[in-house]
Each structure stands twice: as C-alpha cells, then as structure tokens.
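Engineer: Please read through the structure below; I'll follow up with questions.
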Amino acid sequence: MSSYREAMSPRVTGSLLCALACVGVGASISITTLMRDFPIFGGQAVRYLGTALILALLLRLRGVPWLRPSVVDLLRLLALAGSGMVGFNLILIPATHFASPSLIGAILGCAPLIMAIVGPLVQRQRPRLGVIGCAAVVLVGIVIIEGVGGGSLLGTLLAIGVLLGELGFSLLAIPLLPRYGPLRVSCYASFLSAAVLLIMGMIAPGPLLRWPTLTEAVALAIMGLIFTPGAFAAWYAGLQRLGAASAGLWIGVIPLAAMGASVALGWESITIPGMIGSVLIGAGVTTGLLINRPPPQPPADLSELSCPGAQLSSDKSADGGGVTARSRG
C-alpha cells in the first residue's frame, strides 16, 4: 500500500501544483488592472526580467546547471515566449477594450476542452473520451460563471488570440520539459520574453518606460517577483507530472479564483450562477482526474520506484536537473 501511494504521489503533487498556479493566475487578474496605464512593453519587460532573475536564483540555489538549448529548442522557446507570454499579454489588454471580460473568460474557458484533445496528440497518445467530456463540463461551468458577455467581431477575434496564447504556453512546453525541466523552461522563456518586449518597445512609438506610481510599482513587484515566477514554475512542474489533458482541466479554476478574489475584495457578491458554475467546475476537474488516473504498476516497477536512487533521479528531473524526466504534458 505504501509503495502504491509513492507511485501516485507525482500525480497528487502535480494536481496541487496546477491548482496553485491557476489560483495564482486567477487572483492576479485584479493586480494586472492596476498596471493598464503603465507603458505595456517596458512594464511587461520589467515583469518578465524580474521573473527570470528570481528563477535563475532558484536554479543556482538548487545547484541545477544551465543547459545550452539546441537551435530547434531555442526556436521552441521563442515560440513559447512569443505566444504564451508576449502575445498573451499584448492581445489581452486591447481585447478588454473591444470585448467584455465575460466574453474573454468564456472563450478562454475553451482551453480545457482543447487541451484534453490536442495535449495527448502532442504526446502521441490517444485522447480519452471521458476526459474530453469532463473538460466540456468544466467549460460549461466557466461559461455560467462568466456569463455570455457582449463584444464586437474584433473583440471576439482578440479573445480567440488570448485563448491561443494560453494554449501555446502549455502545449509548446511539452517537448521541452523532459530535457530542461520546469524551472529552466520558465527561466529561459522569461529571459526571451523580456528581450523581445524590450526590442518591441524600442521600436514602437511612445515611451518605453516611465517612473511608476506607488501603486504601479507595488503591482510590478508582486507580479514580477511573486505571482509570475511562482505560477510559471508550479504550472510547468504540474504539467510535467500530470500531462496536458489532466492539467488542462485545472484551467477552469482561473475564473473561479478570480471570482473569489473579487468577492473577497468586495468588488462583487456571491451569485447563484457563480455557485452552479463552481460546482460544475469542481465536478469536471475531479471526475476528469479520476478517469485519467493511470492504472497501478506491477510490483517490479513499484520496487524500483521506491529505491532511493530512483527517487533521487525523479526529484532531480522535477527540479530541472535530469534529462530523463517523465513527460507530463
């Protein structure tokens, strides 16, 4: 029984990490609104540079060596940074001008369903019909919470762009995680994002940076030094352990956490649709994780897993130090 629990521990840990990352993302939405008047290119470059430096410090403290990416991996990292970090933020801000947050949230809620289908295909696996059904339940719960917001055709297209950025942030990391690990992928992509944003800001009209107000400075510090590095590392570590299909279900927690933060701050009150949507999201995530649970391993494999050497290798892979890490998604 104890060895079975050890075999399942990566799954439990991965679920906790994905949940923590999505709660952090959802709760940080209100913080990003405090930065909407700050120069976007320079502000986001400072945010990702702070994130990269924090992650680099963590890599050094954990004794994880740097790896030089191959040309193919460097292109993958650039695509990841360009879509899931730079593109996501640059599209999200104008999207709020042409579409309501509810419409953006509802379209973003398609991510679990898409990841349940595309994620396994990226890993050369067959999608599970049950997980797809649970992702659809999560999507329904998100739509109920967010409502069917209004918006123009341009706003809808921009919201789809936000969705594609969210998908790129996860799916493009799948082939990188086994070799580089969560911390390295997060760190490398953050450095690249900061560089791309800096170059774009130098070309774009308007000021690259200005002195922030006290509120903007606090928001930048919280996002760049706490929320972003924590969420990135937690999400990729969970993604590596769970796989894209199971991890994608946790994206449904983002609007739930955003609603909880708004209620806690007194910006909105608890509603019946919010409660119904929360129940559906919780049911879809829980059932999907149970359906996608791997079968018990034979005794020989379990004995290997309990060996100290094997456990150490697994820990190093999860920290980004090993090259034989399990593909989680």
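Engineer: Here is a list of conditions, (1) aliphatic (A, V, I, L, M); (2) in contact (Cβ under 8 Å) with a residue 40 or more places away in the chain; (3) under 16 Å from VAL23 (Cα atoms), and ALA264 meets all of them except one; can you say which number that is?
Structural biologist: (2)
Engineer: Could you check, for region 189-211, whether at least one of its residues is closer than 19 Å to GLY26 by Cβ, among the small types (Gly, Ala, Ser), within 20 Å of the chain's Cα centre (by Cα) and modelled with pLDDT of 85 or more?
Structural biologist: There is no residue in region 189-211 that is closer than 19 Å to GLY26 by Cβ, among the small types (Gly, Ala, Ser), within 20 Å of the chain's Cα centre (by Cα) and modelled with pLDDT of 85 or more.
Engineer: Moving on. Go through region 204-236 and report how many residues are in contact (Cβ under 8 Å) with a residue 40 or more places away in the chain, farther than 14 Å from ARG36 by Cα and part of a helix (DSSP H, G or I).
Structural biologist: 14
Engineer: Only one of LEU163, LEU198 is in contact (Cβ under 8 Å) with a residue 24 or more places away in the chain, surrounded by fewer than 24 Cβ atoms within 10 Å (Cβ to Cβ) and touching a Gly at 6+ places or on another chain (Cβ under 8 Å); which?
Structural biologist: Just a single option satisfies the conditions, and that option is LEU198.
Engineer: Select from region 201-241 the residues that are under 17 Å from PHE88 (Cβ atoms) and among the hydroxyl-bearing types (Ser, Thr, Tyr) and write down the one among them that is surrounded by the fewest Cβ atoms within 10 Å (Cβ to Cβ).
Structural biologist: By that ranking, first place goes to THR228.
Engineer: Further question: Taking SER170 and the conditions (1) surrounded by fewer than 21 Cβ atoms within 10 Å (Cβ to Cβ); (2) in contact (Cβ under 8 Å) with a residue 60 or more places away in the chain, which numbered condition does it fall short on, given that it satisfies the others?
Structural biologist: The single condition SER170 does not satisfy is (1).
Engineer: Checking the condition touching a Pro at 6+ places or on another chain (Cβ under 7 Å) and closer than 28 Å to GLY109 by Cα, which residue from ALA245, ALA194, ALA258, ALA264 passes?
Structural biologist: On inspection, the qualifying residue turns out to be ALA245.
The values are calculated or read from the model by the stated rules, or taken from the named source; none is laboratory data. Given the structure is predicted, the values throughout are model-derived calculations rather than measurements. Neighbour counts run over all protein chains shown; Cβ positions are idealised from the backbone, glycine included.
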